[in-house]
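Student: Sharing a structure with you now.
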Amino acid sequence: MKLNALLVSQDRPSLRVLTALLDVLQIEFQSCHSSGDAVELLVRGHHSALMLDFDLPGAGQVARMARMASLQRRPVLFAMVGPFTPVGGAFQSGVNFVLYKPLVYEQVARSLRAGQGFMKPNPRHSPRHPLEALVYLQFGVAALPAIVLDLSEQGLALQAPEPLPPVQNVPLRFVLPGTSHLLEAIGKVIWADDDGRAGMFFSRLTPASRYHLKNWLARRGAKAKNAVRILLPPQKARRSQQASH
């Protein structure tokens, strides 16, 4: 199966160098110009490599979202940095290779060839994750993307790229996987840990959202007994909480 890459940059000279090299190496690619679009693409599909311009606003968040993927779906991360890029954030995001701007064809070619050995082809025939949905949590004017790990009629469990702010009630929205139905709710944070995981109870759900969610769960044969489990922290976290008492 072929390798593929996601290019995230607004820098045209860099994109020209990268696309020329990817053509030579026969690596398929798609490109986008904003962090928001990049997060959506990462959640919806597999990418063997992520080539990310760290001068782009929100690049660190994109990198952290990429690192949240399972080992089978985690892309090799190439960070493009310039003379004034704060590289500390790039390295903290789990970068595998650094490409220095302005990109030089021969130097980038060496990095890409070295990275090829670590790239995983698109597992088109492998089973998909049971739930791959992107949820946006609204903290004031800022929206934090996260991945829905599990879902019930009462609430959801999620993984965010960073710990949630200390706010109890959070507006959230997400599209039910496999549908065009947008769910809008107020989520009450039941628990959260330092790794960005959290469980949220739907304290308010619009009537249309509740209708679509109930039908979506019914079509998948979701069991009511799982509702409580979804809202509870992982076993490890529960043990640590009990130990602290």
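Student: Is at least one residue of the stretch 14-35 in contact with an Asp or Glu (Cβ under 6 Å, 6 or more places away or on another chain) and either small (Gly, Ala, Ser) or on the phi > 0 side of the Ramachandran plot (or both)?
Tutor: Within the stretch 14-35, not a single residue is in contact with an Asp or Glu (Cβ under 6 Å, 6 or more places away or on another chain) and either small (Gly, Ala, Ser) or on the phi > 0 side of the Ramachandran plot (or both).
Student: While we're on this one: Here are the criteria: (1) within 25 Å of LEU149 (Cβ to Cβ); (2) modelled with pLDDT under 95. Tell me which single one LEU50 does not satisfy.
Tutor: Unmet condition: (2).
Student: Further, regarding this structure: Do you know which residues across the stretch 191-222 are under 15 Å from ALA146 (Cβ atoms) and among the aliphatic types (A, V, I, L, M)?
Tutor: Scanning the stretch 191-222 gives ALA192, ALA198, MET200.
Student: What single numbered condition from (1) part of a loop (DSSP other than H, G, I, E, B); (2) modelled with pLDDT under 95 fails to hold for LEU103?
Tutor: Condition not satisfied by LEU103: (2).
Student: Given the conditions (1) at pLDDT 90 or above; (2) open to solvent by less than 40 Å² (accessible area, probe 1.4 Å); (3) over 30 Å from TYR211 (Cβ atoms), report the number of the one that ASN96 does not fulfil.
Tutor: The one condition ASN96 does not meet is (2).
Student: Could you list, in sequence order, the residues of the stretch 194-210 that are part of a strand (DSSP E or B) and of a type outside the set (A, V, I, L, M)?
Tutor: ARG197, GLY199, PHE201, PHE202, SER203, ARG204
Student: Further, regarding this structure: Name the pairs whose Cβ atoms lie under 7 Å apart, with the first residue in the stretch 158-179 and of a type in the set (S, T, N, Q), the second at pLDDT below 90, and 6 or more positions between them or separate chains?
Tutor: If the second residue must be at pLDDT below 90, the pairs left are GLN159/MET68; GLN159/LEU149.
The values are calculated or read from the model by the stated rules, or taken from the named source; none is laboratory data. Model, not experiment: these values are computed from the prediction. So basically every Cβ, Gly included, is an ideal-geometry build from the backbone, and we count neighbours across all protein chains shown. These area figures cover heavy atoms from the full protein model, side chains too; ligands, DNA and RNA do not enter into them. Shrake-Rupley method; radii C 1.70, N 1.55, O 1.52, S 1.80 Å.
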